[in-house]
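Here the structure comes first, spelled out in structure tokens, and everything after it is commentary.
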Amino acid sequence: MKKLTLYTLMFATLFKMHATKYYLSLSGNDANAGTSSAAPWLTITKLNTVTYAAGDSVFFKCGDVFRGNVIVNQGGNTGARVVFTSYGSGSKPIISGAEAVSNWTLSGPATYGTIYQATFTQTPTQFFANDKEQELARFPNSHQYLTLNSSTTTNLYDASLVSVGTATINNSKICIHTRQWCWEKTGVSSVNSNTITFTGPVTLSGLPNYGYFLYDNLLHLDTIKEWKYDGGTQKINYIVPAGQTPTVLTCEASTYSNGIQIGSNASYITITGLAFEKQTNSGVLISASTNRYIKIDNCSFARQYNYGVNDHGRYNEISNSYFREVGGIAIFVNTGALKSTIHHNTFRSIGLVRNDGIGLQINSTAIMDAYADSCYIHHNDIDSAGYCGISVDGAYNTIERNVVKNAMMCNNDGAAYKSFGPASHHNSYLNNFAIGSNGVTEGTFMPDFLTPGIYFDFSVYSCQVKNNTIYNHNGRGIFQNAGNYGTTISGNVVYGSDVCIDLNGTIAQTVAITGMTIKRNSLFALNNTAYLIKQIDGVNNTFNMGYIDSNYLFNPYNAAKIAVRLTGSVSTSYSFAAWQGTGFDLQSKKSFVNWVSPTNNSTLVTNMTDNVNTYTLNGLYLDLDSNNVCNSVILQPYTSKVLINTLQTCVSGIHENSFDENILIYPNPASNQLFIEINSTDIQINSISISDVTGKVIKSEVVNSQKKSIFTGDLSNGLYLISLTDKTGNRSTKKIIINN
């Protein structure tokens, strides 16, 4: 073993001694040697003549923009990787998939502006002005839709098409909202009366009354910031506001497919410190399962049409990188990939243009694992995605300590976190946050889906959903669809969803949910129509779904709506006691507070860091076990806690502990009468008050003896606070339960 290690080090040293460094700069020249910063090359075309050897490095100069597609067909080895990086100072060097557009000429007026034209010899996928993607001409205009009456995978029927006109339809592309969860793309092959035949099939037949739009036809060009390329004249047509001109704008059109394209025989490659922009396909394409140990670190990806990173390889790592405005999927881990690690990346505005990207059911997702196993996805920060934040199909994957905010901005049937189908099993979703990913119903008809925070869709099994937090989320918190089994859902906080945990949710299920373990979850309703648990068993109505117990079931607004079951068309609501009567949640805890909207004296404290943090509270709070939490709370990494504000301050003086010692308050729970006995002459209590947990004083009495009784038979059942004030003004508070 020692000899092997020695030989490895010797070979690694030998590779490094013979390794070559290549330099590129906009001040360079392809006639240079290219092997020093003093004599760099100019173009990617020249770089693509290199045959790489283990240990070689390529340096792009900071602050420069290099246009083209880097082809890498050779890699390194365990001791000597091939590295692509930067040199110099300033911003990251950009590998751009776009070429500049200039020499604009005035074409003529448009409805809302002026049309300009510029010659461009390649067919572009996207057009940018001042680094912002402009809208490819469409009909009807943005956020408006035509409505289909019926559809197959090869055509659609729309009774209103006659009024549109064949010229507007022919030679167009078409984007159809075939289902709540996807927008699909194809082309128009022909139009006959009110029927459009597609150039290629879509995967799903569109639903009646769903929306679609036409695009990429010169007749659609009628609104400012729209553009269209005319292949016949090789001109880009662009509308700017009246009185303005594109000559003062920085205009670009995307033409190159990939920033760096790694061939099937290349492994052990590091890409670091580079920026990728405006590619028609991918910023980085890892093309085959034979690509191993590719590392992408500290890079940025922006405005790729399909993918930021398209990964077909194995044992690859993508870390510390920034993805923004990617049209399709920011990171796509393909079927056949294995053990990818994706961590500490930031994602913003992914898949928000409906007809950008690959135009399939998985489009517009920030991180998509398409049946790749044993991946580790952690510490990613996602804000704004058209479809899912993180979608993981496959087995033995771990999704941990991620934050997804504002997913589902173009679709409705998906989730912040999602797994699908029987190939998805033994996945672990741990300590993640799902925030405000409520779904968008634009282009749908009578949408009936409550978008979940975490969604296991059809026959997912043997997974873990532990210690996650879902809040500011109106639909379902955690949704388990038909056929799921053997999953553990524990320690999660669902704060404010319309249904906190939904088991199936559809009458049309054909396979029962079984073998679930649902325990120690904190489920908290924030309105009087919400349910904490929902069950549907359309197979046999036995509701034998597994073990459900030791949860916190808090609905302060409607005690009759703890759970709901649907049997056929009949919906049955359950109070806490009635729900326990079904055999579930026998050791669970119900709400000890009751409020009327808009009152909400609860708060959610969150820690989305890797540190144990202390948070200031400013007053006396109660946790869901009725324990006092005074002025501050300690949270473990990537956890949260629901607290109840008593609207009282934490005071000095007699502490609650001094009650296991000098003052007795009994019985607790109390029924009709509560007794206070003072067993020390050093303590002189002056007054006693009883308040609800909002701080409202219900009773107040003067104390003139060492033993005092208080009538409590007129109090509603629940949790109260009894406060004792001594003659010097010191006060102490204890929790009591009234159970008349």
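The values are calculated or read from the model by the stated rules, or taken from the named source; none is laboratory data. Bear in mind that the values here come from a model prediction, so they are computed numbers and not experimental data. Please note: Cβ atoms are built from the backbone with ideal geometry, for glycine as well, and neighbour counts cover all protein chains shown.
Looking only at region 407-430, which residues are part of a loop (DSSP other than H, G, I, E, B) and in contact with an Asp or Glu (Cβ under 6 Å, 6 or more places away or on another chain)?
Applying the first criterion (part of a loop (DSSP other than H, G, I, E, B)) to region 407-430 yields 407-416, 421-424, 426-427.
Hit for region 407-430 is Ser424, nothing else.
On the basis of being under 26 Å from the mean Cα position of the chain (by Cα) and either part of a loop (DSSP other than H, G, I, E, B) or under 25 Å from Ser364 (Cβ atoms) (or both), does Ile224 make the cut? Full working, then the answer.
Values: under 26 Å from the mean Cα position of the chain (by Cα): no; either part of a loop (DSSP other than H, G, I, E, B) or under 25 Å from Ser364 (Cβ atoms) (or both): yes.
Answer is no for this residue.
Give region 584-624 a look and list any residue that's in a strand (DSSP E or B) and either within 28 Å of the chain's Cα centre (by Cα) or β-branched (Val, Ile, Thr) (or both), or say none. Lay out the reasoning, then the answer.
Initial filter on region 584-624 (in a strand (DSSP E or B)): 589-590, 602-607, 613-622.
Across region 584-624, the qualifying residues are Ser602, Thr603, Leu604, Val605, Thr606, Asn607, Asn613, Thr614, Tyr615, Thr616.
Of the numbered conditions (1) part of a loop (DSSP other than H, G, I, E, B); (2) under 11 Å from the mean Cα position of the chain (by Cα), Val404 satisfies every one except a single condition; which is it?
(1) is the only condition that Val404 fails.
Please specify each residue of region 160-187 satisfying the condition of being among the hydrophobic types (A, V, I, L, M, F, W, C) and either part of a helix (DSSP H, G or I) or under 29 Å from Gly439 (Cα atoms) (or both).
Leu161, Val162, Ala167, Ile169, Ile174, Cys175, Ile176, Trp181, Cys182, Trp183
Quick test of your reading of the structure: Ser91 fulfils all but one of (1) assigned to a loop (DSSP other than H, G, I, E, B); (2) of a type in the set (Ser, Thr, Tyr); (3) at pLDDT below 95. Name the failing condition by number.
Result: Ser91 passes all but (3).
Within the group Ser107, Ser86, which residue is in a strand (DSSP E or B), modelled with pLDDT under 95 and under 30 Å from Tyr305 (Cβ atoms)? Show your work before the answer.
Details: Ser86 fails: modelled with pLDDT under 95.
Result of the check over Ser107, Ser86: Ser107.
Residues checked against (1) buried (at least 17 other Cβ atoms within 10 Å of the Cβ); (2) aliphatic (A, V, I, L, M):
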| position | (1), (2) |
| --- | --- |
| Ala137 | yes, yes |
| His143 | no, no |
| Asn217 | yes, no |
| Ile236 | yes, yes |
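Exactly one of these conditions fails for Thr681: (1) outside any strand (DSSP E or B); (2) in contact (Cβ under 8 Å) with a residue 60 or more places away in the chain. Give me its number.
Going through (1) outside any strand (DSSP E or B); (2) in contact (Cβ under 8 Å) with a residue 60 or more places away in the chain one by one, Thr681 breaks only (2).
Any idea which of Leu214, Leu204, Leu219 is assigned to a helix (DSSP H, G or I), in the same structural domain as Thr245 (by TED's automatic domain parsing) and at pLDDT 95 or above? Talk me through it step by step, then tell me what you get.
Values: Leu214 fails: assigned to a helix (DSSP H, G or I); Leu204 fails: assigned to a helix (DSSP H, G or I).
Going through Leu214, Leu204, Leu219 in turn, the sole match is Leu219.
Quickly run through region 549-570 and pick out the residues that are of a type in the set (Val, Ile, Thr) and part of a strand (DSSP E or B).
Of all residues in region 549-570, those of a type in the set (Val, Ile, Thr) come to 562, 564, 567, 570.
Within region 549-570, Val564, Thr567, Val570 qualify.
What number of residues within region 53-79 satisfy the criterion of being farther than 14 Å from Pro40 by Cβ, among the hydrophobic types (A, V, I, L, M, F, W, C) and surrounded by 21 or more Cβ atoms within 10 Å (Cβ to Cβ)?
3
Suppose the filter is loosely packed, with under 13 Cβ neighbours inside 10 Å and touching a strand residue (DSSP E or B) at 6+ places or on another chain (Cβ under 6 Å); does Lys727 pass it?
Working: loosely packed, with under 13 Cβ neighbours inside 10 Å: yes; touching a strand residue (DSSP E or B) at 6+ places or on another chain (Cβ under 6 Å): yes.
So Lys727 fits the description; yes.
Just to verify a result, which residue in region 625-650, among those that are outside any strand (DSSP E or B) and within 28 Å of the chain's Cα centre (by Cα), is surrounded by the most Cβ atoms within 10 Å (Cβ to Cβ)? First the steps, then the outcome.
First, pick out the residues of region 625-650 that are outside any strand (DSSP E or B): 625-627, 636-638, 649-650.
Add one more test, that the residue is within 28 Å of the chain's Cα centre (by Cα), and what stays is 636-638.
On the way: Gln636: 13, Pro637: 13, Tyr638: 23.
My answer is Tyr638.
Out of Gly336, Gly359, Gly351, I need the residue that is touching a strand residue (DSSP E or B) at 6+ places or on another chain (Cβ under 9 Å), at pLDDT 95 or above and either over 30 Å from Pro124 (Cα atoms) or buried (at least 20 other Cβ atoms within 10 Å of the Cβ) (or both). Which one?
Numbers: Gly336 fails: at pLDDT 95 or above; Gly359 fails: at pLDDT 95 or above.
Unique residue meeting the criteria: Gly351.
Note down all Cβ pairs under 6 Å where the first residue falls in region 45-56 and is within 18 Å of Gly68 (Cα to Cα), the second is surrounded by fewer than 21 Cβ atoms within 10 Å (Cβ to Cβ) and among the hydrophobic types (A, V, I, L, M, F, W, C), and they're at least six residues apart or on different chains.
Sorted first by the residue in region 45-56, then by its partner, the pairs are Asn48/Ile71.
Of the residues Gly243, Gly273, Gly263, which is of a type in the set (Gly, Ala, Ser) and under 26 Å from the mean Cα position of the chain (by Cα)? Don't jump to the end; show me each part of the working.
Working: Gly243 fails: under 26 Å from the mean Cα position of the chain (by Cα); Gly263 fails: under 26 Å from the mean Cα position of the chain (by Cα).
Within the list Gly243, Gly273, Gly263, the selection yields Gly273.
Got a sec? Which strands (runs of 3 or more DSSP E) wholly within region 256-312 have at least 2 residues that are farther than 23 Å from Phe127 by Cβ and hydroxyl-bearing (Ser, Thr, Tyr)? So that I can check it myself, show each step before the final result.
Working: elements: 258-262, 269-272, 275-277, 282-286, 294-297, 300-302, 307-311.
Ranges flagged: 269-272.
Among Asp369, Asp383, which is of a type in the set (Asp, Glu), assigned to a strand (DSSP E or B), under 30 Å from Gly76 (Cβ atoms) and not assigned by TED's automatic domain parsing to the domain that holds Asp216? Before the answer, list the steps.
Values: Asp383 fails: under 30 Å from Gly76 (Cβ atoms).
After ruling out the rest, the residue left standing is Asp369.
When only residues in region 247-260 that are surrounded by fewer than 22 Cβ atoms within 10 Å (Cβ to Cβ) and out of contact with any Ser or Thr (no Cβ under 7 Å at 6 or more places or on another chain) count, which is nearest to Gly108 (Cα to Cα)?
Thr247
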